[in-house]
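Below: one structure, written as structure tokens.
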Amino acid sequence: MSTTPLCDHVSQIPPEILSDILLFSIDGPMDVEHTIHRPLIISHISRYCRDVALSTPRLWSRLFLPISSSMSGYHHDIQTQTEIAEAWLARSSSCPLQLHISWDEESTATSHPVLDSIIRHSIRWSRVFLFLPLTAFPSLTPIKGNLPLLQDLSLGCNDFTSSVSENPYTTFHLAPKLRSFECINVSPLQFLLPYDQITSIPVCSLSIPECLELQNRCTHLSSATFILGPGGTTLDLLRPISSPSIHQAVFITSPWSTFLDSNPLLQHCTYPNLSSFQICDFKVSPAPNLPGFLSRTPLLTTLDIRRVTLSDRDLLNCIRETPNLAVLKVVEDMEIWKNSSLLSEDLLREMTFPSSHPESHQARGKGRLLNTVGGNRSLLLPNLQHIDLSLVHISAAAFLSMVESRGFDPTFHGPDDRVSILRSIKLNTGSDYAACIDGIGVKERIERLRDRGLNIDANLF
């Protein structure tokens, strides 16, 4: 132990204050650095620090521990892995536990000494991530009925198992406080859970039929991110799902399933209280069913479309169904950018608010997508406040013309009466700063908008 002057000063700090300082020093991501390395370093600064550290159970209540059945790479040997687990479990006393145990090597082993250690403390599990070989899950059987504090559960394996066993694991069925569940590389239907308690699914990899079945079981689900892949039952057996509790949803494909067709899922899902929706990485166009899906989300305020095969007309059909949008994010697929026209200048004209000048109406009437009803043009996205676009073909000048038209409420024509609508824009495009309209350069127009209070993050490459 060190006895430097610094240590002498540390020894003057009251133990309760030093304890708070030590806890602050490990506050951070759930990783080896913050849960193993820092507590060990702290406990070796001085004898006084060690005494305070060992009398602060919360310092040892988080553990991020990669394990293996043999010494490989950055892993310790089994004995060292077990000693670390045992020490942290003992020093954490009766504190609720946050555990991240990752056994990501290919293995047919059915158990591990570290698993045996944490199983004996299952009544203290609070937030737990277990990435194990599928063959090791049965070893968790002793924890059944002994999970009174478990709130967040994450399960995964590296076996990429798509089939569901006829006898799902019932290990986690009795967990009265469980609210959040995620599942990686294994079907969530492989486990019997207290589904009616689940309110959050941070991430879950599954097929479309499994996605619908999981939503059918989780009747109080509020937010979910579904990573969709192939597999499951035939699409003929799909049942429509109406989930009034869902407020936030993400549909995304796994990297090897980007050609998955999302239309059956969009067709069968209804979220009447959805406020935020993201759809990402679908090379098969969702155009046949995405507008209909959005029409069943009357409360939607955030729409995020990333690397999805859609045309400008498809996008127009989508935003027509979302009049209450406050946030619009669109990212084009850079792999097919040469043929991309997701946000064309015609569509920008449709999004441009009318001005009090007749010539402005004539100019905007040239677009091929003009949306008119009884000769009167309806406003698209009248409540839009934030725009985030990463596009290739769109002209920054045309985009800024649309933004300028929305900077103030078009229902007021006096300069002192106009009310700001747009709050922020983010733009990544291949346009040129040197482009001009009416003799005013893009860069200057951006600065003028900033001066008027608009928050702008523009990357013109």
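Each reported figure results from applying straightforward, stated rules to the coordinates on display, with no laboratory input. Quick caveat: nothing in here was measured; it's all calculated off a predicted structure. Glycine gets a Cβ as well: all are built from the backbone with ideal geometry, and neighbour counts include every protein chain shown.
Quote to one decimal, in nm, the extra length available between S93 and T108 on full extension: 0.36 nm per residue of separation minus the C-alpha distance between them.
This chain segment gains 2.1 nm when fully extended.
Once you have the Cα-Cα distance between T170 and Q12, take 0.36 nm times their residue separation minus that, and quote the gain in nm to one decimal.
Length gained, T170 through Q12: 51.6 nm.
How big is the charge dipole of the stretch 1-60 about its Cα centre, in debye rounded to the nearest 20, if each Lys and Arg gets +1 on its Cβ and each Asp and Glu gets -1 on its Cβ?
The dipole of the stretch 1-60 has a size of about 160 debye.
Each label point is 7 Å from the Cα along the Cα-to-Cβ direction; what then is the distance between the points at A326 and R452, in nm?
A separation of 2.2 nm, rounded to one decimal place.
Placing +1 at every Lys and Arg Cβ and -1 at every Asp and Glu Cβ, with all other atoms neutral, what dipole size does the stretch 114-191 have around its Cα centre, in debye to the nearest 20?
380
Calculate one ³J(HN,Hα) per residue across the stretch 106-117 by plugging θ = phi - 60° into the Karplus curve 6.51 cos²θ - 1.76 cosθ + 1.60, and present them in order as whole Hz with x for glycine and proline.
Karplus-based 3J(HN,Hα) across the stretch 106-117 equals 5, 7, 10, 5, 9, 6, 7, x, 5, 4, 4, 5 Hz.
What number, in nm² with one decimal, is the all-direction average of the projected area of the convex hull of the alpha-carbon atoms of the stretch 1-60?
Answer in nm², one decimal: 3.7.
Want the number for V284 to R296: 0.36 nm per residue separation, take away the alpha-carbon distance, what's left?
2.2 nm
Can you give the charge dipole size of the stretch 63-198 about its Cα centre, rounded to the nearest 20 debye, using +1 on the beta carbon of Lys and Arg and -1 on the beta carbon of Asp and Glu?
Dipole magnitude for the stretch 63-198 comes out near 600 debye.
Find which of L189, H100, N146 sits farthest along the positive direction of the dipole of the stretch 63-198, computed with +1 on the beta-carbon of Lys and Arg, -1 on that of Asp and Glu, about the Cα centre.
N146
Going through the stretch 133-213, which GluC sites (Glu not before Pro) have at most 13 other Cβ atoms within 10 Å and a DSSP loop state?
Hits after loop and neighbour filter: E166.
Measuring from label point to label point, each 7 Å out along Cα→Cβ, what is the R50 to M30 span in nm?
3.1
Calculate the radius of gyration of the Cα atoms of the stretch 63-198 to one decimal place, then report Dmax, the largest Cα-Cα distance, as a whole number, both in Å.
14.3, 42
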